[in-house]
Amino acid sequence: MNWPKLSEEELQLLEELAAVFFTEKQCAIVLEKEEKAFIAAASSPISPIYKCYHKGRLKAIYEVRKNAFAMARNGSSPAQSFVEKLLQDYEFQKTVDQT
């Protein structure tokens, strides 16, 4: 494929941008890459851009969930509700994935 080339520094920045939930379009603008080609690369699971973008996004989600679980264990009622919702969503998604 003819995806935009990103240096190691640009890939690190992409991961950081994704971790604070920048969209693919916003990342292309910050990285000064051609928008359509960048978004296409970010949509292809075999692209390094896709992998880096989703790695940053998922690591941020992990940190939020990890903190929520810690707060829930310490008795935070809002965190307990959030964790309960996460578990329900997880069970639902597992059911959907198995069908």
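Hey, what number do you get for the chain at 222 nm if only DSSP H runs of n ≥ 4 count, each worth -39500 (n - 2.57), divided across all residues, to the nearest 500?
-25000 deg cm²/dmol
With respect to the chain, whose longest principal axis is taken over its alpha-carbon atoms, helix 77-98 is tilted by about 60°.
Charge dipole of region 7-99 (Cα centre as origin; +1 on each Lys and Arg Cβ, -1 on each Asp and Glu Cβ, all else neutral): 380 debye, rounded to the nearest 20. The radius of gyration of the Cα set in the chain, together with its Dmax, comes out at 16.9, 51 angstrom. Straight Cα distances below 27 angstrom link K25 to the lysines K5, K33, K36, K51, K55, K59, with same-chain residues fewer than 8 positions distant left out.
Read the figures in this text as sums done on the coordinates, not as results from a lab. Fair warning: this is a prediction, and the values are worked out from it, not measured in the lab. In this analysis, Cβ positions are derived from the backbone assuming ideal geometry, glycine residues included, and neighbour counts consider all displayed protein chains.
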